[in-house]
1. Expressed in nm to one decimal, what extension gain is obtained for the pair Arg58 and Thr29 from 0.36 nm per residue of sequence separation less their Cα-Cα distance?
2. For the range 32-71, what does the relative contact order come out to in percent, with C-alpha contacts under 8 Å and a separation of six or more?
Amino acid sequence: MAEIKSNPLNACTSDDGKASFWAIADPVTAANAARAVYGSHAATAAAHCALTAHFDGRNGDYRFWCRVFHELGDGQGQFPGSVAAL
C-alpha cells in the first residue's frame, strides 16, 4: 500500500489557488480535540474524516485529516494501535 503524503506547497491554498481554512487549522490541536471527544477511537474518527473528504473531492480537507491521523499515530507512520506501532 502506498504511503499517503501531504504536499506542503499546496497546503495553504485550495485547488483553485485561493486561500484556505486548512492553511490555518492546526492538526495537533485537532488531534488533541479528537482524543478528548473520541478517546481510543480518535484515530478511527480522523481516518473517517479523511476518507470522506477524499471521496467528496475536498483535497485540502483530506490532507488536513491525514495529518491529524498521522499525529494520532505519534508520527510513527504506522496505524495507531497496530502491532507494528506498539
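1. 8.4 nm
2. Relative CO of the range 32-71 lands at 33 percent.
Quick note: the coordinates plus some simple rules give every number you see, no bench work behind them. What you see is a predicted model, and the numbers here were worked out from it, not measured in a lab.
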